[in-house]
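The values are calculated or read from the model by the stated rules, or taken from the named source; none is laboratory data. What you are looking at is a predicted structure, and each value in this text was computed from that prediction instead of being measured. Don't worry about glycine lacking a Cβ; one is built from the backbone with ideal geometry, like all the others, and counts go over all protein chains shown. Only protein heavy atoms, including side chains, enter the accessible area calculation; ligands, DNA and RNA are left aside. Shrake-Rupley method; radii C 1.70, N 1.55, O 1.52, S 1.80 Å.
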Amino acid sequence: MAWWARAPEKAVNLTDAMLPYDTLISGGTIIDGTGNSPYQADLAIKDDRIVEIGDLHHALAVRKIDIQGKCLAPGFIDTHTHDDHACMSASFMEPKISQGVTTVVVGNCGVSLAPLDHPSAVPEPINLLGESEDFRFPDFQSYFDAVDAARPATNVVALVGHSSLRVAAMPDLGRSASSKELDAMIGMLDDAMRARAGGLSTGVFYPLGRAADSDEIIPLVRTAGEYGGIYATHMRNEHDAVLESMREVFEAAREGGASLLISHHKCAGARNWGRSRETLALLDSVRTTQDVSLDMYPYDAGSSVLDLDLLEDGMRVLITWSTAHPSASGSYLHEIAQEWGCTEREAGEALKPAGACYFFMSEEDVRRIMQHPLAMIGSDGLPMDRHPHPRLWGTFPRVIRRYAMEQGLFPIEEAIREMTGLPAGRFGLRERGTLAVGNYADLVVFDPLTIADRATYENPAEASEGIDHVFVNGRLTWSDGQGPPAGYGRLLRRDAGG
Ligand code: ZN
Ligand code: CU
């Protein structure tokens, strides 16, 4: 009897493990994250990696997804977030995963959840991250372990917040650190960098960090720089003194030997509209000798805690949360003042502690900054806000829809590069950010005809349209408007793959 006619002793099953690929995504247009022109190809995933790109339509795979007419890009990297606490809960990450984000950078603007263990007070703007009981990590290793254990929906890169170090080390924040306090801060930062945090962030704009001078900041930048960490900064001033602030951070980065990232770059206040011509020229003049970059979000309103010093005649202010008057969330300050029969300042005083969106940028500056080749996209979304700025849900599709496709500000492959390949390089995320064989399979499939942000200032918690599928480390995490409860993200340690 021929071998093939014999009944098998055991039923042979072509099990999933025997198939060459776990997932085959075929028929789409690849935008690979490098800025190169899009091209047609199929892409195959095995485990957490991209294992083949090419003509694979005959290949076998456990799951095949036909994406005719759709685009396939690296998952977006949100370079500027405050998801320190949010990343540990799946529902809080829906704003990100639903717009195609597969990696978030947390710990920005000088505020990070670690190293802080139940601080007695949670002063502004640290309160953007949560309440006192959320701060339960005396060091970065314990924070990293908690993030890993929580199985985050996206990958997470964590920066060490300078203001958090100050709260941990200094009883009086109204002055520069003493040498003993500075040593304590350097010790904690060094610990975090040893645990492979991504770098240092400062927020000397805020009262918590404002008293820090260069004698305090430069040694900290140096500590981060020694490990190859980045120095991200919410500068002292983004209004009239924006150029002076840029010079201050260029110097700190140069002296400290770290690569610089200017956070949410803007020219705020009507008086300063149009000055991105000057700020970008200054950036260009130092980029030949210094490692510099910036992040930005595609809106002309900023958002943070309510700061009455930022109020300006004629500027609209939208309240995003208020402890004293929770129902004021979503209303404009001038309307509240009118209703209460008082000035905006008085209304603001009564609302605090509170959060706000400030309409203080010009569209022209937003466009010019976005177009700069060193610009990366960062949402700066505030996941804990009751009525958040729409950037939390809409940033990435908005850049693609409004600025690349409708306004033709740049080709779509350049928009994608600013969200993927460029930040992966800046943050030293090896084998991520571009579509290449051997890289991690962090992917987004989107429909170029329908992709669009839907979040608005009126209705900010709206998922974007046109994001068909999102893969994190090779696993389908978001598909046709639905995300499974399990997360496949990882804590990404600096200079390490997985
Ligand atoms: Zn900031
Ligand atoms: Cu921020």
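Here are the numbers:
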{"quantity": "Positive dipole terminus of the chain, leading residue within MET370, SER276, GLY474 (C-beta point charges)", "calculated": "GLY474"}
{"quantity": "Cut-off under 5 Å, modelled amide H: who pairs with VAL317 long-range", "calculated": "LEU333, HIS334"}
{"quantity": "Lys, Arg +1 and Asp, Glu -1 on Cβ, resulting dipole of the chain about Cα centre, debye, nearest 20", "calculated": "1100 debye"}
{"quantity": "Other-chain or far-sequence residues with amide H under 5 Å of LEU159's (modelled H)", "calculated": "VAL106, GLY107, GLY198"}
{"quantity": "Stokes-Einstein D for the chain, Kirkwood Rh over Cα pairs, 25 °C, 0.890 mPa s (µm²/s)", "calculated": "106 µm²/s"}
{"quantity": "Per-peptide average of other Cβ atoms within 10 Å, ordering 80-89, 446-455, 114-123 highest first", "calculated": "80-89, 446-455, 114-123"}
{"quantity": "Order by protection proxy (mean Cβ within 10 Å, highest first), peptides 380-389, 366-375", "calculated": "380-389, 366-375"}
{"quantity": "For the stretch 306-358: relative contact order, % (alpha-carbon pairs under 8 angstrom, 6 or more apart)", "calculated": "46 percent"}
{"quantity": "Unit charges at the beta carbon, dipole of the chain: most positive-side option, PHE446, PRO353, HIS387", "calculated": "PHE446"}
{"quantity": "Within the stretch 306-358: Cβ-based charge dipole about Cα centre, in debye rounded to nearest 20 (Lys, Arg +1; Asp, Glu -1)", "calculated": "200 debye"}
{"quantity": "Pairwise FRET efficiency - ASP480 versus ALA270, Cβ, R0 = 35 Å, nearest 0.05", "calculated": "0.20"}
{"quantity": "The stretch 306-358 - accessible surface per residue (Å², probe 1.4 Å)", "calculated": "48 Å²"}
{"quantity": "Within the chain, helix-based [θ] at 222 nm, where runs of 4 or more DSSP H residues each add -39,500 (n - 2.57), nearest 500", "calculated": "-7500 deg cm²/dmol"}
{"quantity": "Counting DSSP beta bridges with both ends in the chain, the antiparallel % (nearest 5)", "calculated": "55 percent"}
{"quantity": "Highest average packing first - 425-438, 321-334, Cβ atoms within 10 Å", "calculated": "425-438, 321-334"}
{"quantity": "For the stretch 116-209: relative contact order, % (alpha-carbon pairs under 8 angstrom, 6 or more apart)", "calculated": "36 percent"}
{"quantity": "All lysines inside 25 Å of LYS70 as judged from Cα atoms, apart from same-chain residues fewer than 8 positions distant", "calculated": "LYS46, LYS96"}
{"quantity": "Compactness index (Cα Rg / 2.2 N^0.38 Å), the stretch 216-296", "calculated": "1.07"}
{"quantity": "Lys, Arg +1 and Asp, Glu -1 on Cβ, resulting dipole of the stretch 420-467 about Cα centre, debye, nearest 20", "calculated": "360 debye"}
{"quantity": "Percentage relative contact order, the chain, counting C-alpha pairs under 8 Å, at least six apart", "calculated": "20 percent"}
{"quantity": "Cut-off 17 Å, label 7 Å out along Cα→Cβ of GLU226, residues of the stretch 135-177 by amide N", "calculated": "160"}
{"quantity": "³J(HN,Hα) computed for each position of the stretch 141-156 - Karplus, 6.51 cos²θ - 1.76 cosθ + 1.60, integer Hz, glycine/proline x", "calculated": "4, 5, 5, 4, 4, 5, 5, 4, 5, 6, 6, x, 5, 10, 5, 10"}
